[in-house]
Amino acid sequence: MKSKKNKLDNSEIYELVQLCAKIPQCIGWSNTRKRLYTAVPVYIPGIETYPLNGQMISRAGGLIAGVPIGGTCNNVAYMGTLSFFVKDDQGNYYAVTDSHVVPCYNTVYFPSPLLLINPSFTREMIPIISPWAIGQVYYRTNINTNYVNLDMALIKLVPSVKVFPITYGKRIIMFFDVPNELEPVIKVGARTGLTAGFAVDQSVTLKVKNIYGNIIWFEGPLFKLYSEEGDSGAPILAGESIVSTLVAGSGQFALGNDIENIISLLSSMNLKLYISDNKNVLYLTALPAILGGTILTLLGLRET
């Protein structure tokens, strides 16, 4: 004899119905547990959600991190990775990426126009739709100097773009944190998707060939992480914490932005990490800066 279904009571189902009506991405609910079914991954505090299709992003669903963005200038198409989102006190949203992802154009598209030319440039199941403008470059750091310790750009998103604090690799982004040596991490890149590795060093200074063809010194944390061209800007996560964003790689090793420098720039611009509308941002910067240490020279390290 089959067991009887464990259905919710009518009041619990009614609560799910009411909640589903308020969430554009909701396409239904469970009658047996507190779960909503959605067209795209959506994070709702206290409620389990279950995406029913394989597309992690669409125009109707909104924008998430770890996906391909880019633009075109001088007849050259560029592609990089959306790192995460921040928000100002006026309610405007900004996407974060690397400065060298948006070196010479201001209108940023999802997906990158490069994927119309070469759809195989991403190995992930990103829907190859006609690129649509998600915003304008608002700020970019100067990366064409002898010494660089932050490669970062802000894209002010158009008001119609809906954003979610989740990555394409299905990781929820909640905090900033400093990576510990040998701590397991993942990166979610537009080119190679989700790959796992670990932190090698909290701070190194390496020779890097930048996007302009110049050799520069870049300071930031070092990771054992696989990446390829197009993964620049990829969020590097330890659990639910962003510990860096990917700047350069040699294939097996990756150099990232120092999270304390990211926090410092965002704080100076009165911008806060967007996690959800009803949670506070936690900034963790308790670990002391590393003083001294061996300088590694890897001329093969390249911006990705």
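The values are calculated or read from the model by the stated rules, or taken from the named source; none is laboratory data. Not measured: the values here are computed from a predicted model. Glycine gets a Cβ as well: all are built from the backbone with ideal geometry, and neighbour counts include every protein chain shown.
The table that follows gives values for the structure above.
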read-out	value
The range 141-154 - residue that is out of contact with any Phe, Trp or Tyr (no Cβ under 6 Å at 6 or more places or on another chain) and crowded, with 19+ Cβ neighbours inside 10 Å and, of those, nearest to Tyr212 (Cα to Cα)	Ile143
Some residue of the range 178-189 being farther than 11 Å from Leu237 by Cα, touching a helix residue (DSSP H, G or I) at 6+ places or on another chain (Cβ under 7 Å) and not basic (Lys, Arg)	no
Flag if Ala199 is at pLDDT 90 or above, hydrophobic (A, V, I, L, M, F, W, C), outside the structural domain of Gly46 (by TED's automatic domain parsing) and more than 18 Å from Ala153 (Cα to Cα)	yes
Residue list for the range 43-80, restricted to those being closer than 22 Å to Thr192 by Cβ, aliphatic (A, V, I, L, M) and at pLDDT below 70	Met56, Ile57
Residues located in the range 222-271, provided they are in a strand (DSSP E or B) and under 15 Å from the mean Cα position of the chain (by Cα)	Pro235, Ile236, Leu237, Ala238, Ser241, Ile242, Val243, Ser244, Thr245, Leu246, Val247, Gly256
The range 209-239, subset under 13 Å from Asp151 (Cα atoms) and small (Gly, Ala, Ser), residue surrounded by the fewest Cβ atoms within 10 Å (Cβ to Cβ)	Gly220
Residue match in the range 6-27 (condition: in a loop (DSSP other than H, G, I, E, B) and either at pLDDT 85 or above or among the basic types (Lys, Arg) (or both))	yes
All positions within the range 240-251 that are over 10 Å from Phe176 (Cα atoms), touching a residue at least 40 places away in the same chain (Cβ under 8 Å) and either surrounded by fewer than 24 Cβ atoms within 10 Å (Cβ to Cβ) or among the aromatic types (Phe, Trp, Tyr) (or both)	Ser250
Qualifying residue in the range 128-144 (condition: in the same structural domain as Ser264 (by TED's automatic domain parsing) and among the hydroxyl-bearing types (Ser, Thr, Tyr))	no
